[in-house]
Amino acid sequence: MLTETSTSDPNIKKSKSLLQQGYVAYNNWEINKARLLWRKAATHDPANEEIWQALFQVTQSDEDRKVCLQNILILNPDNAEAEQR
């Protein structure tokens, strides 16, 4: 019996869409919009390292940036850049 892959998960699909929308907003200098989209994406797929990396770029408070880095390192302990920061 075949099992569904994570790409068929509606939360994963939604997070990918929100991630892409966030990149569009970010590239249009709509930083607050990008932040909101990426935060929403993180609620749909908290195990997505790319979302946490994107959020780190637009997060302003040191405490929130620390949370982003911690999540990146939980998901990818070999991420040297996150470890250094």
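For this structure, a couple of remarks:
- Ranking ALA54, ILE31, LEU19 by how far each Cα lies toward the positive end of the dipole of the chain (charges on Cβ) leaves ILE31 at the top.
- If you sort LEU73, LEU18, LEU36 by accessible surface, 1.4 Å probe, largest first, the order is LEU36, LEU73, LEU18.
- Taking segment 24-47 and a reference point 7 angstrom along Cα→Cβ of ASP9, the backbone N atoms nearer than 19 Å belong to 38-47.
- Chain lengthening between VAL67 and GLU49 when straightened (0.36 nm per residue, less Cα-Cα): 5.3 nm
- With the Kirkwood sum run over all distinct C-alpha pairs, the chain has a hydrodynamic radius of 13.3 Å.
- Heavy atoms of the protein chains alone define the surface here; on that basis the chain has 70 Å² accessible area per residue at 1.4 Å probe size.
- When the helices of the chain are scored as -39500 (n - 2.57) per DSSP H run of n ≥ 4 and the total is divided over every residue, the value at 222 nm lands at -22500 deg cm²/dmol.
The values are calculated or read from the model by the stated rules, or taken from the named source; none is laboratory data. Treat the numbers as computed from the prediction; the structure is a model and nothing was measured. When we count neighbours, we look across all protein chains shown, and the Cβ atoms used for this are built from the backbone with ideal geometry, even at glycine. Only protein heavy atoms, including side chains, enter the accessible area calculation; ligands, DNA and RNA are left aside. Shrake-Rupley method; radii C 1.70, N 1.55, O 1.52, S 1.80 Å.
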